[in-house]
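One structure below.
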Amino acid sequence: MATTRRRFLSASAMLAAGLRGRLRADAPDQKTAIPALKPPTHPVIITRETGDETIRQAYAMLLRGEDTLEAAIHICQGREDDPNDHSVGLGGLPNEDGVVELDACLMHGPTRQAGSVGAVTNIRHAARLARTVMEQTWHVMIVGRGAERFAVDEGFPRENLLTDDARKMWLLWKEHGTGWWGPGLDNPKWKPEAPAGSSPRAALLPRHPAPEQMSMVTGRLRDLYAQADRMGIPARLRHEAAMQVLWPTTGTIHVSALNTKGELSGATTTSGLAWKIPGRLGDSPIIGAGCFTDPEIGSAGATGNGEENIKVCGAHTIVDAMRQGASPREAGMEALRRIARNYNNDMTRLRYLDMIYYILRRDGAYAGVSLWSSRGDGARKTYVVHDGTQRTLEVDYLFEGISQSIHPF
Ligand code: GLY
């Protein structure tokens with residue numbers, strides 16, 4: 001009896017100490033690693049080209065003192081509402097079953113909260129839904145049918161996101177390209193050449209062919225144009241549809257926003273890889289890959305090959321490098337180098353990948369960095385900054401040249 005009571009007393013003493021809690025005396029001081037970053041004298045937004053007014057409007061929101069995450073979502077929603085942006089929201093390209101599945105994640109610096117949705121169907125505003133997950137639940141991430149049901153319960157309208165144009169592009173893809181998503185570039189057995197005895201479709205089809213590959217690409221494009229005509233796809237859509245069949249988009253938009261109080265938020269939204277296997281998630285719904293925000297340090301996000309970004313936890317890697325004192329540019333280059341290292345710097349594989357990181361530090365310093373320097377037309381890849389003036393800037397880059405992007409036939 002006495003023993004039991006002693007045990008009870010010592011257990012209650014431990015519980016009481018646990019409830020109070022205290023930092024152990026020899027705990028290292030985390031603060032020493034954090035550079036003191038003063039907020040900027042003007043708000044800053046970093047994102048990609050949107051072709052609309054939302055960046056300017058979001059900047060005005062920041063000047064009026066509105067929430068940094070609300071400003072970021074405003075820009076995301078502009079893309080989600082545009083049926084002609086086939087990388088996000090309404091009009092996003094569907095999965096292989098013809099169903100549009102959206103992904104989004106975001107972080108709110110002032111409250112250090114995060115929210116995310118993955119493979120959500122029939123709900124246009126995926127970024128807003130991620131915010132609702134963040135605010136209305138103690139979850140961070142809700143996916144699939146559960147995310148749709150949650151959205152409807154929270155008052156989001158259900159709607160068909162597959163526009164007529166996106167459906168026509170999907171039908172063309174069904175005719176020409178179904179059923180191949182592997183093995184991936186990261187598979188040790190992957191070979192740049194078509195396997196012996198395979199059909200001509202199995203040939204590697206680079207988006208920016210060398211002269212000797214040109215006839216193969218133009219031949220495939222000609223076939224697709226003819227098929228599109230037979231299917232009644234309008235001439236205005238024919239080229240875009242053919243290009244999406246041959247080189248499926250990984251689209252996406254990321255926005256990081258900072259105000260003069262040093263409050264930071266980030267948001268990323270996408271319809272993901274076109275024609276994906278149903279349920280495939282890229283980096284965009286993954287906190288730490290598609291988006292990461294640390295209110296003391298900075299915010300970062302990505303567009304590009306989601307699978308590669310997941311493997312290096314890109315956005316978190318970048319913010320953590322800035323925590324160690326790296327500049328936004330150096331931090332972005334570190335994440336890109338990690339992608340390259342995952343391929344042992346093998347350029348025969350890396351040339352088929354791409355990634356752009358959008359990076360904003362708490363003091364207003366920023367960078368846009370890319371694995372490859374240039375777009376298909378030879379022009380430098382770009383990003384957009386608004387810090388009082390909205391500007392389109394050229395990315396810094398790891399490799400000089402054009403990323404090829406391949407169709408996996
Ligand atoms: N970066 C978007 C995706 O891969 O889904």
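The values are calculated or read from the model by the stated rules, or taken from the named source; none is laboratory data. All of these numbers come straight from a predicted model, not from anything done at the bench. We place every Cβ from the backbone using ideal geometry, glycine too, and count neighbours over all the protein chains shown. What goes into the accessible areas is simple: the full protein's heavy atoms, side chains included, and nothing from ligands, DNA or RNA. Shrake-Rupley method; radii C 1.70, N 1.55, O 1.52, S 1.80 Å.
Annotations
- Across Trp170, Trp181, the residue with the most accessible area heads the list, and the full order at a 1.4 Å probe is Trp181, Trp170.
- Length gained on full extension, Ser327 to Asp26: 105.3 nm, using 0.36 nm per residue less the C-alpha separation.
- Under 5 Å between amide hydrogens, built in the peptide plane, is the criterion, and for Tyr366 it picks out Arg361 among residues at least 5 positions away or on other chains.
- To put it simply, the accessible area of region 263-361 at a 1.4 Å probe is 49 percent carbon and sulfur.
- When peptides 219-225, 278-284 are ranked by their average number of other Cβ atoms within 10 Å per residue, the highest-first order is 278-284, 219-225.
- Relative frequency of Cα-Cα separations exceeding 17 Å in region 279-409, percent: 56 percent
- Largest first, the three principal axis extents of the alpha carbons in the chain are 86, 55, 44 Å in whole numbers.
- Using distinct alpha-carbon pairs, which all enter the 1/r mean, Kirkwood radius of region 212-357 in Å: 17.2 Å
- Mean accessible surface per residue for region 95-182, computed with a 1.4 Å probe while every protein chain stays in place, in Å²: 46 Å²
- Over region 211-288, the pair-distance histogram of Cα-Cα distances with 5 Å bins from zero comes to 3, 12, 15, 13, 14, 12, 11, 8, 6, 3, 3, 0 percent, rounded to whole numbers.
- Cα pair distances of region 335-409 binned at 10 Å [whole percent]: 19, 45, 27, 9, 1
- Protein heavy-atom surface of region 16-169, 1.4 angstrom probe: 51% of the accessible area is carbon and sulfur, with nucleic acids and ligands not counted.
- Its DSSP H runs of at least 4 residues, each contributing -39,500 (n - 2.57), put the calculated 222 nm mean residue ellipticity of the chain at -10500 deg cm²/dmol, to the nearest 500.
- Relative to the Cα centre, the charge distribution of the chain, modelled as +1 at Lys and Arg Cβ and -1 at Asp and Glu Cβ, gives a dipole magnitude of about 1200 debye.
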